[in-house]
Structures are given as C-alpha cells and as structure tokens.
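What follows draws every value from the coordinates through simple rules; no lab data is involved. Because the structure is predicted, anything quoted here is derived from the model rather than measured. Cβ atoms come from the backbone with ideal geometry, glycine included; neighbour counts cover every protein chain shown.
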Amino acid sequence: MAGLEIQQEELAGRLTLRLTGTLDGRTAMQLRSSLKELGTREVVVDFTHLREFRDSAVGVLTNDLSERKVQFRGLAGHHERMFRYFGLTTGTLSPARAYYTPEEVLA
C-alpha cells in the first residue's frame, strides 16, 4: 500500500509542504491534519513529486482549503480544474514540472 510523505520546508518566511508518494482519499486526510496543525499560516502545497494523485483527494481537501490561504505548485491542468469545480481557486504558482499521469507521459 502506497503512502504519502509530507516534508515541511521554510524559506524566506514561506512554508512549503512537499508531497511525495500517492495522494488519494485516505492520504488526503493526512494532509488535512498537517494543514490544521499549521493554523492560519500561509502555505504552499507542492504536488510536483507525487507519483499518483487521485481525484478523490480533491473532494477531501476542498472544504478545509477554502478557509485557508494556500497556494499550489505542480498541479496538472486536470487537477486545477477539479479544484475549481469544487469552488476553490488554486492560486497556482509556476511549477518547474507539472504532475502528469504515466499515460500522459507516454503519449
């Protein structure tokens, strides 16, 4: 069973949560808990290094994220749209490399 690793990095007063592994409904709960522990701090969530990002995670995260000041890095266009469908503006930062599914990489 794949999991999610969340690394916190602070540079110049900006806190970044770097995600590696798999983000799905179960591991999205883990990310929600990490965000709650940070209180009202402004956070950048970096999806760039995820191996897999399932749509079910978007639904789990959306309610909590709408109440926070969060920016996203490394979202694929599909996941940006999914967050917007749930009414959440992604505030996406220019990623060095966007997340792609293996099928998109092979195409």
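Observations, loosely collected:
- In order along segment 75-90, the phi-based Karplus estimate (6.51 cos²θ - 1.76 cosθ + 1.60, θ = phi - 60°) of 3J(HN,Hα) comes to 7, 6, x, 4, 6, 4, 4, 4, 4, 5, 4, 8, x, 10, 6, 7 Hz; Gly and Pro are listed as x.
- Distance between modelled label sites at R41 and E5, nm, 7 Å Cα→Cβ extension: 2.0 nm
- Scanning residues 5 or more positions from L4 or on other chains, those with amide H under 5 Å from its amide H are T22, with H placed 1.01 Å from N in the peptide plane.
- Each residue of segment 45-57 was assigned a 3J(HN,Hα) from its phi angle through the Karplus expression (A = 6.51, B = -1.76, C = 1.60, θ = phi - 60°), giving 9, 9, 8, 4, 9, 5, 7, 8, 9, 8, 4, 4, 5 Hz with x at Gly and Pro.
- Residues in segment 16-26 carry Karplus couplings, in order, of 10, 9, 8, 9, 10, x, 10, 10, 9, x, 5 Hz; the curve used is 6.51 cos²θ - 1.76 cosθ + 1.60 with θ = phi - 60°, and Gly or Pro positions show x.
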